[in-house]
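Notes follow the structure.
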């Protein structure tokens, strides 16, 4: 009986089929054939590939071009990626999964309580510690026209944070001790400012104090979420005096030369000599107040505010910031050129409207300045509108 069982097992239909398959398909091993047997029972197209028939009761074959969860099929080349694939055929590489950052749960009650504590405890401490610096900052906002845009910085920062609340990363209950690092920088800057009598450095230390407080109490995620908006606070501070004087001197020469070119283009004789423009009947001096730093700081502030409020792609943000200095230089030169035109071609009219205790050149400069400010803002927002029209966001539905 044992011999009969061995004979039947060796010469069974299944073993004969395997032997014939190995002889004619020598590239496939026995292990692969066992996998093929199991795979072919699930894949009618794989059975048909090796000459078999589709068994009764098997699953219907999916139409060409449709993927299956049971087998990985290339719909274009009709190549079955599975155990029966040809030797040397590469495995399909799946795309790397995108990293998903989970948000922390939002505890509104704790967030409100933390904000109240900061307003009642940290804010009075900040005002007391930085009172001299805050006085100088407020004086610059109110009396120095070059830094008048500082009055709008804090409201714009609050607006930018409010508009980004939909991306708030969640509530962090622990204190972040690395947030003490900006606070230490603030203390070091205040010590240096006290020793060197550098009031501007003392003002800038307030910026690092604010960064440190937010980082320490709100955690890493909330800090980096708020960092773009908090960075806009740099426009509330004055430039260091030495850098401001150096910028004004360079901008004076640039403004004089560009204004002379604009006057020459409209047919007015103008020769630039350093910071002076020699006209037909008089000379127009470009003072340090006319250097254009006012337009430059104002247009840059508007550009960064536009980036914070309008969520554009990074390269559009780069273009928006890059276009601000050329607009400021062009508008400042146009203001000087307009002043020259008012003094040469409309001299009698300017004398008639000028009070006795004021200079004609000062009145002409004021008229030109107030005329060019809305033009500069209009040119800038026209460029932003043009970018939005040319490069539109298109949602592709899968």
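The values are calculated or read from the model by the stated rules, or taken from the named source; none is laboratory data. Note that the structure is predicted; figures quoted are calculated from it, not measured. Backbone-built Cβ (ideal geometry, glycine too); neighbour counts: all protein chains shown.
Here are some notes:
- Test: residue in region 277-294 that is over 30 Å from residue 240 (Cβ atoms), touching a strand residue (DSSP E or B) at 6+ places or on another chain (Cβ under 8 Å) and surrounded by fewer than 21 Cβ atoms within 10 Å (Cβ to Cβ): yes
- Among (1) under 25 Å from residue 159 (Cβ atoms); (2) surrounded by fewer than 12 Cβ atoms within 10 Å (Cβ to Cβ) - the single one residue 359 does not satisfy: (1)
- Residue 267 meets each of the listed conditions (1) at positive phi; (2) touching a helix residue (DSSP H, G or I) at 6+ places or on another chain (Cβ under 7 Å); (3) free of Cβ contacts under 8 Å to residues at least 24 places away in the same chain apart from (2).
- Entry remark, region 240-266: residues being crowded, with 18+ Cβ neighbours inside 10 Å and part of a loop (DSSP other than H, G, I, E, B) number 0 in total.
- Looking across region 142-152, just one residue is surrounded by 15 or more Cβ atoms within 10 Å (Cβ to Cβ) and more than 16 Å from residue 296 (Cβ to Cβ), and that is 152.
- Enumeration of residues in region 257-291 that are under 14 Å from residue 365 (Cβ atoms) and within 38 Å of the chain's Cα centre (by Cα): 259, 286, 287, 288, 289, 290, 291
- Members of region 291-333 found to be modelled with pLDDT under 85 and assigned to a helix (DSSP H, G or I), listed by number: 293, 294, 295
- Residues satisfying the stated conditions in region 153-185, i.e. within 30 Å of residue 293 (Cα to Cα) and free of Cβ contacts under 8 Å to residues at least 12 places away in the same chain: 155, 158
- Selection status of residue 188, surrounded by 14 or more Cβ atoms within 10 Å (Cβ to Cβ) and part of a helix (DSSP H, G or I): no
For (1) in contact with a strand residue (DSSP E or B) (Cβ under 7 Å, 6 or more places away or on another chain); (2) in contact (Cβ under 8 Å) with a residue 12 or more places away in the chain; (3) farther than 30 Å from residue 322 by Cα; (4) surrounded by fewer than 10 Cβ atoms within 10 Å (Cβ to Cβ), each residue gets a yes or a no:
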{"residue": "348", "(1), (2), (3), (4)": "no, no, yes, yes"}
{"residue": "351", "(1), (2), (3), (4)": "no, no, yes, no"}
{"residue": "370", "(1), (2), (3), (4)": "no, no, no, no"}
{"residue": "376", "(1), (2), (3), (4)": "no, yes, no, no"}
